[in-house]
Amino acid sequence: CLSCIGYIPPYVTVVEARQLVGLNMDPVVCVEIGDDKKYTSMKESTNCPYYNEVHASFSFSLCFPHIPSPLFFYSDRLETVIHSKNLLRSGTLVGTFKMDVGTVYSQPEHQFYHKWAMLSDPDDITAGCKGYVKCDIAVVAKGDNIKTPHKANETDEDDIEGNLLLPEGVPAERQWARFYVKVYRAEGLPKMNTNLMANVKKAFIGENRDLVDPYVQVVFAGQKGKTSVQKSSYEPIWNEQVVFTEMFPPLCKRMKVQIRDSDKVNDVAIGTHFIDLRKIANDGDKGFLPTMGPAWVNMYGSTRQYTLMDEHQDLNEGLGEGVSFRARLLISVAVEILDTGSSEIVSSTEVSGFVSFSVRRSKGDCPVYSVVEQDFFILYFFVQSATGKVEEFFLFGSFLEATMIDRKIGDKPISFEVTIGKSPQGGGESDEDDSELIQQNSSEDEADDDADLVSVSSTPPMKPVITDRNYFHLPYFEKKPCIYIKSWWQDQRRRLYNSNIMDKMADKLLQWIRAKCVFIFSRFVTLANKDQHQAGRTKLDKERLKSCMREMESIGQQAKLIRFQVKRNTVRDKLKIVQNFLHRLRFLADEPQHSIPDVFIWMMSNNKRIAYARIPSKDVLFSIVDEETGKDCGKVKAVFLRKGFGPAGWTVQAKMEMYLWLGLNKQKKDFLSGLPNGFEEIKAPRTQVFQLRAHMYQARSLFAADSSGLSDPFARVFFSTHSQVTEVLSETLCPTWDQLLVFDDVELFGEAGELRDDPPMIVVEVYDQDTVGKAEFIGRTFAKPITKMCDEHYGPPRFPPQLEYYQIYRGNSTAGDLLAAFELLQVKWPHAHTQLPSLDGHTDSDRGPILPVPMGIRPILSRYRIEVLFWGLRDLKRVNLAQVDRPRVDIECAGKGVQSALIQSYKKNPNFSTLVKWFEVDLPENELLHPPLNIRVVDCRAFGRYTLVGSHAVTSLRRFIYSPPDKMQQNWASSGSQSVQDAFPVLIFSITMTDDIVLLVYNKELEAEFDNFEDWLHTFNLYRGKAGDDDEAALDDDRIVGRFKGSMCMYKLPLSEEITREAGFDPNLGMFQSIPHNDPINVLVRVYIVRATDLHPADINGKADPYIVIKLGKSELKDKENYISKQLNPVFGKAFDIQATFPMESMLTVSVYDWDLVGTDDLIGETKVDLENRYYSKHRATCGIASNYSVHGYNVWRDPLKPSQILAKLCKEAKLDGPLYGIPGIYFVCVCVFAGMKRQTDEHLALTVLKHWEEIPRVGCKLIPEHVETRPLLHPEKPGIEQGRVEMWVDMFPMDMPAPGPAIDISPRKPKRYELRVVIWNTDEVILEDDDYFTGEKSSDIFVRGWLKGQQEDKQDTDVHYHSLTGEGNFNWRFVFPFDYLMAEEKIVISKKESMFSWDETEYKIPARLTLQVWDADHFSADDFLGAIELDLNRFPRGAKTAKQCSIGMVQNEADLPCISIFKQKRVKGWWPFVARDENDEMELTGKVEAELHLMSAEEAEKSPVGLGRNEPDPLEKPNRPDTSLMWFVNPLKSICYFLWHNYRWLILKALGLLLLLLLVGLFLYSFPGYLVKKMLGA
């Protein structure tokens, strides 16, 4: 059964993004759900933008199946997309992330919190991750209570790989894959036009064409693909495939396949099927990729008759359970993994090879491939062999009984129609194409002996007969109408057989756990392998068989172990394991590849379809093996026909007792084998006469059907063609009818033995009697009687029957419980009455001829006394526009009760003057059979009128049952006596002194931690008004009209006299001794509001301007002037003092409002605190017990009473002797000895005792420690959905006690002013981007840019180092960044206006991160980005000492390197790398920078000021740059000289050397002759 949810608000908070791929981008995040899109603001020039923006204004309708199916949504997806925008170009897609909305809803608390979504690009599958987006996603439905998880450490959240936005079990590393959906053909399509249009077409065109133009649309993971349109075809053939590219495993688990009718105006869905990828794949170690078919899938939706206004069109879209067969489609699914690093492709099935394809692009997003014409016959024969052999099937049905027919349709003849697939020949609808889906001529060998048998799908019309004034029945007595239907389907019975086997295993799992699992497993293997080589077995069939065998083996082994491990303390854990077995078996039993369509049974009246029932074909499928047979095959089954969903489907239109059989036509001889003995074909069946006794004892927790919040219930019991009703009890939700209904002369058809084992079903409907109009339906339950045959003895153990509770259902929700017993007694004529057990007891004279429940069945009663504590009434609303002034409380249980004292003036004092009253009543000894206790509040008005204000039903009295203590515990208070030592051992506590100050922070309300402070005073909500159903807006919270405060104590009489003899026992108070007086008391209430978190945005900019409003009684404090601008996580740090008087002013309301400049302020959320229960609780919630006792300092003791005074008061209230101060450092309390250090004072010792107060025997309980509680903020118009949380605590001080000290200052921490001085000394190895126009050499004009995150508008640049030829740059340039910093939160605080139109500044808290970038300056174009580094000032790697030691590993392996904090180091200098991503999306080194970071406080910076750049004061030296860093036109001669020397120095040196050598040689040749002559002449 499917149900639709109307408004489902998803909450998406985009926190930040990291590691976005791209250079100098301006990123924007787009969140898309369905057709709705929301954008964040744009962040400029950053790859790591910080948003923290909420987008929650999505609304759409979703549907999901009820239990036991897993929860998933049918439509809509969630996409997170990153864009990069600037003024010159439109948005450029960086990456996407896709996930089903249902995947979010199936998570714990229905949300992902602070998870990183990994972005990818489906158009670039070779690329890796495109970045990460940190976000919160929550999907809430009506009634869900979404709680924000406790925030983890920010360091843990920054671990991206460990906090990916992935469901459990999905690997972090996912690959790209292609999903192939092949669409072959469809059959059995209904006509999608009127007969009038068909006649018009026939007149103009001259031919009678099919009235449908179908095409197939496939939607998956936000992508859409369509096949071609086949014009005018009821049996279209496509042979096309749609291909999707998506990450594997996909986060979108469902694929939507839809047949649509093409129309010029608007395309209409014919039928929809959803493929669950989890059911066609297995992610285990021995699993398989998604694969399916070729296989037929059946589509269901609205009825097949075409109408212009189809009220059930949503069913054709897949939103709900279909009421008729629409079509079936032959498809297959395959997946192939794309290994981008290898040419090999891992495929789930053969994707190509058996046929060639031609490619075309569809209207959708995905390519569609069409089969080439010459390969059509190859594909045809492949499909025929893959889907299995066509066999003739035979469906037989017999209507044994038709009762509970609604009186509205009882005046006209009624018939029943049975269909399987499309309407068969010979019956049902009169379509022109009224033929079988698949026509197959039987061969002579397979000819039937009774081939002349014509299919008959409808019963003959018959006029109903009156059963009573509300229902009719059809006179199906001796002759039972039957239907016969022949149809032809592919023989895929093995799939259904396997499902039936696993269903039966699940049904009998608890019985079979003991030693039968191995037998079942072996039996399954034998049967499943029987048809292993049958034609039509797909790869999915084979893989599912292997998976099922492995699961069976695993379950069998675990079940063996459970048998020997079950013990009393492990039963609950073992039961969870068994429930897991059931879940696994049910999942495996759901066959994704369909075969035979479901069977539909329609009730027809006046040629109109009135009501239907849908029966899965596998449930009535026959097999010669009992384990494979459907659970309802060949059996008489009760079938209820209904109209549809919601309230329209609650009223039963008819109840059928049917016999159904489905099997092969060749097995037809067995179709009557399951009929009850006594039935024969055409002959009259045997008749058995019975008497039914319905023992209707009582009901509880019924649905409130009247505006008073009560009902006037009566029960109607149906059995066969008989019905009777109980008496009507006025104004109660827990009626005790105590009535026996006797059905005489009930004729049942069949053999007596079978009727004993499987009697017909009894239907019990509960109604609310209204004075005007017909009775209103409350709920329905079913029961089977215990049958006694005439030859059996009426006695134990079966008789008399025991009372049992039967759950009453109203639609899909529960509507109470019925306590009753049913027995069916066979009688034989003529001595019928003498054979039956006598009816003991006489009719009640006061109630007329009504038989009470006999004594043997009525529970054994004992005398009980119920004491009621009447404390007071609270928050009573008006009744009939009049205020409640003189209320009274009436208590009733089992016909007895007591009334409270009358409150004379509810406004002045809403408490009762008489506290305790009691009454005695006879109740069952079995506590489970105790009737409810009813609380009714009436207002006593003038002239003796009483008006009902509200009521409450206490369904279980178990928690109020008093158990007297044993003898040993009664003497526990005798201090120092021997009995104390006998009763309890002496408890010794050793105390160690500690100076640690502990403030306990509860991540929930204090009431949830301490049981709503109902240790002795309970609160009962009073209800008035008609209860709401699941699909209506009314909730129980809307029906609350007030609260009754009090308690009950129930005990069996007589009570032990030892209790009443105790010292100080007040008989007027009964068991409520030592309770305080309920007189008005003046209290000082001090409310501390620390902060609010995760507030729901109230403004269109995704923010809110919150402020606090405190309301207590008539006092209201507004802190509107101190609103916090544009914050969703505001820190208030406020304390409010209010004087109140209990009980008139006891409900504290803490509201958070959104401040608006124009108009009224909007309520964001509120929380209510019941101060009265806290004040009177034994847990002492008035003021938390501090961890240390301090007289001075910020942790000064807040309570007016010192620890020793508190301890003495507690001992007095508990009737204990006061604490004994004996030896220094030792404390005696009751039987406990607290030993501490000698130097500890009595106050420290008393404080330690208070911390261990729960360990004091009998009277001890945990005292509230000093704490901060976290309370959810709720909006009255959005019940159950948190609008944020507020952290707070409340102190209460009686005005008659010493006055407390001043409130503690919890104002938010003020950020400290710092100044970060960054000196850029040098750069090295910066990549060279420019090419010289004349010489072609590489160079760069380097400059460095820096800013603190969140202060991009205050970015600072160095001067330009022109024409760097080596990547070296010299700057000596100082950046100065002043900022405000919160040391505790490690965040920079920035206050600025968002735009020029903003009214005031917005405060942002941003992680402290310094960004440094290196750029190449250009004069006539945009500067070129070269690289960047981002340093987290709280944890960043220490800089390298030299440029050579600086590497890219300082960025890639940052987590493995030792990190430092500038806030601790104060000053650090070193080399850090600049990095950027190359074309292959890989990190590369683009330069190095030598920088010095110096952090100074504002005071230190003021004492030693510095200038920006190289300016005064404290100027930096001018860098020693080479001459070539100048521009060519400034000093061209130097530049030319440098250029020649830099590029040709070796050539110049060689030329000079050669010239010198030539000069020497020339000189040698010149001087050699003269020198030689001189030597020869001897001169």
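Among the residues of the range 459-477, the ones that are in a strand (DSSP E or B) and crowded, with 17+ Cβ neighbours inside 10 Å come to 3 in all.
List pairs: first residue in the range 555-581 and closer than 15 Å to residue 505 by Cα, second residue of a type in the set (Phe, Trp, Tyr) anywhere in the structure, Cβ distance under 6 angstrom, at least six positions apart or on different chains. Close Cβ pairs satisfying both conditions: 555/581; 556/521. Any residue at all in the range 1403-1413 that is under 26 Å from residue 1103 (Cβ atoms) and either among the small types (Gly, Ala, Ser) or in contact with a His (Cβ under 8 Å, 6 or more places away or on another chain) (or both)? Within the range 1403-1413, one or more residues are under 26 Å from residue 1103 (Cβ atoms) and either among the small types (Gly, Ala, Ser) or in contact with a His (Cβ under 8 Å, 6 or more places away or on another chain) (or both). Looking only at residues of the range 702-736 that are open to solvent by less than 40 Å² (accessible area, probe 1.4 Å) and in a strand (DSSP E or B), we find that the one that is farthest from residue 1022 (Cα to Cα) is 719. Candidates are the residues of the range 1366-1378 that are open to solvent by less than 30 Å² (accessible area, probe 1.4 Å) and more than 46 Å from the chain's Cα centre (by Cα); the one that is farthest from residue 1310 (Cα to Cα) is 1367. Checking each residue of the range 875-893 against the condition of being part of a strand (DSSP E or B), among the polar types (S, T, N, Q) and without any contact (Cβ under 8 Å) to a residue 60 or more places away in the chain gives no match.
When the range 1309-1332 is filtered for residues that are surrounded by fewer than 16 Cβ atoms within 10 Å (Cβ to Cβ), in a loop (DSSP other than H, G, I, E, B) and either within 52 Å of the chain's Cα centre (by Cα) or of a type in the set (Ser, Thr, Tyr) (or both), the ones remaining, listed by number, are 1309, 1310.
Of the residues 1381, 1362, 1404, which is in a strand (DSSP E or B), in contact with a Gly (Cβ under 9 Å, 6 or more places away or on another chain) and surrounded by 15 or more Cβ atoms within 10 Å (Cβ to Cβ)? Result: 1404 is the single residue among 1381, 1362, 1404 that is in a strand (DSSP E or B), in contact with a Gly (Cβ under 9 Å, 6 or more places away or on another chain) and surrounded by 15 or more Cβ atoms within 10 Å (Cβ to Cβ). Residue 582: in contact with a Gly (Cβ under 6 Å, 6 or more places away or on another chain) and either open to solvent by 50 Å² or more (accessible area, probe 1.4 Å) or among the aliphatic types (A, V, I, L, M) (or both), yes or no? Against the criterion (in contact with a Gly (Cβ under 6 Å, 6 or more places away or on another chain) and either open to solvent by 50 Å² or more (accessible area, probe 1.4 Å) or among the aliphatic types (A, V, I, L, M) (or both)), residue 582 does not qualify. Name the single residue, out of those in the range 912-929 being open to solvent by 10 Å² or more (accessible area, probe 1.4 Å) and assigned to a loop (DSSP other than H, G, I, E, B), that is farthest from residue 1068 (Cα to Cα). Only one residue fits best here, namely 926. Being in contact with a helix residue (DSSP H, G or I) (Cβ under 8 Å, 6 or more places away or on another chain) and open to solvent by 30 Å² or more (accessible area, probe 1.4 Å) is true of residue 1279. Among the strands (runs of 3 or more DSSP E) confined to the range 1092-1171, the ones with at least 2 residues that are of a type in the set (D, E, K, R) are located at 1115-1118, 1131-1142, 1162-1170.
How about the range 411-434: which of its residues are at pLDDT 80 or above and either assigned to a strand (DSSP E or B) or surrounded by fewer than 21 Cβ atoms within 10 Å (Cβ to Cβ) (or both)? So that I can check it myself, show each step before the final result.
Filtering the range 411-434 for residues at pLDDT 80 or above gives 411-422.
The answer is 411, 412, 413, 414, 415, 416, 417, 418, 419, 420.
Taken together, the residues in the range 1293-1308 that are of a type outside the set (Phe, Trp, Tyr) and part of a strand (DSSP E or B) amount to 1.
In the set 513, 485, 501, which member is among the β-branched types (Val, Ile, Thr), modelled with pLDDT of 85 or more and either under 41 Å from the mean Cα position of the chain (by Cα) or under 24 Å from residue 588 (Cβ atoms) (or both)? The conditions single out 501. Screening the range 1454-1475 for residues that are among the charged types (D, E, K, R) and free of Cβ contacts under 8 Å to residues at least 12 places away in the same chain and picking the one that is least open to solvent (accessible area, probe 1.4 Å) gives 1456.
Before we move on, is residue 909 open to solvent by 30 Å² or more (accessible area, probe 1.4 Å), among the polar types (S, T, N, Q) and under 30 Å from residue 1171 (Cα atoms)? Let's see the steps before the verdict.
On the way: open to solvent by 30 Å² or more (accessible area, probe 1.4 Å): yes; among the polar types (S, T, N, Q): yes; under 30 Å from residue 1171 (Cα atoms): yes.
Answer is yes for this residue.
If you go through the range 808-855 one residue at a time, how many are modelled with pLDDT under 70, farther than 22 Å from residue 746 by Cα and open to solvent by 70 Å² or more (accessible area, probe 1.4 Å)? Step through it out loud before you land on a result.
Taking the range 808-855 first, the residues modelled with pLDDT under 70 are 829-835, 840-848.
Next, only the ones that are farther than 22 Å from residue 746 by Cα stay: 841-848.
If we keep only those that are open to solvent by 70 Å² or more (accessible area, probe 1.4 Å) as well, we get 842-843, 845-846.
Here the count works out to 4.
If the condition is being over 22 Å from residue 1171 (Cα atoms) and not in a strand (DSSP E or B), then the range 1274-1292 contributes only 1277. Listed conditions (1) within 30 Å of residue 554 (Cα to Cα); (2) surrounded by fewer than 22 Cβ atoms within 10 Å (Cβ to Cβ); (3) at pLDDT 90 or above are all met by residue 280, apart from (2). Would the range 1333-1354 turn up any residue that is touching a Pro at 6+ places or on another chain (Cβ under 8 Å), closer than 29 Å to residue 1311 by Cα and not in a loop (DSSP other than H, G, I, E, B)? Within the range 1333-1354 (the criterion being touching a Pro at 6+ places or on another chain (Cβ under 8 Å), closer than 29 Å to residue 1311 by Cα and not in a loop (DSSP other than H, G, I, E, B)), the answer is no, since none of the residues qualifies.
Filtering 1072, 1044 for residues that are assigned to a loop (DSSP other than H, G, I, E, B), open to solvent by less than 50 Å² (accessible area, probe 1.4 Å) and at pLDDT 85 or above leaves a single hit, 1072.
Taken together, the criteria exclude residue 1182 from residues that are within 30 Å of residue 905 (Cβ to Cβ) and loosely packed, with under 15 Cβ neighbours inside 10 Å. Of the candidates 1155, 1197, the single residue that is over 25 Å from residue 1118 (Cα atoms), in contact with a Ser or Thr (Cβ under 9 Å, 6 or more places away or on another chain) and open to solvent by 30 Å² or more (accessible area, probe 1.4 Å) is 1197.
Could you list, in sequence order, all residues of the range 1075-1084 that are part of a loop (DSSP other than H, G, I, E, B) and either aromatic (Phe, Trp, Tyr) or in contact (Cβ under 8 Å) with a residue 40 or more places away in the chain (or both)? Scanning the range 1075-1084 gives 1075, 1076, 1078, 1079, 1080.
The values are calculated or read from the model by the stated rules, or taken from the named source; none is laboratory data. Quantities reported herein were computed from a predicted structural model and do not represent experimental measurements. Please note: Cβ atoms are built from the backbone with ideal geometry, for glycine as well, and neighbour counts cover all protein chains shown. Side chains included, ligands, DNA and RNA excluded: accessible areas come from the protein's heavy atoms. Shrake-Rupley method; radii C 1.70, N 1.55, O 1.52, S 1.80 Å.
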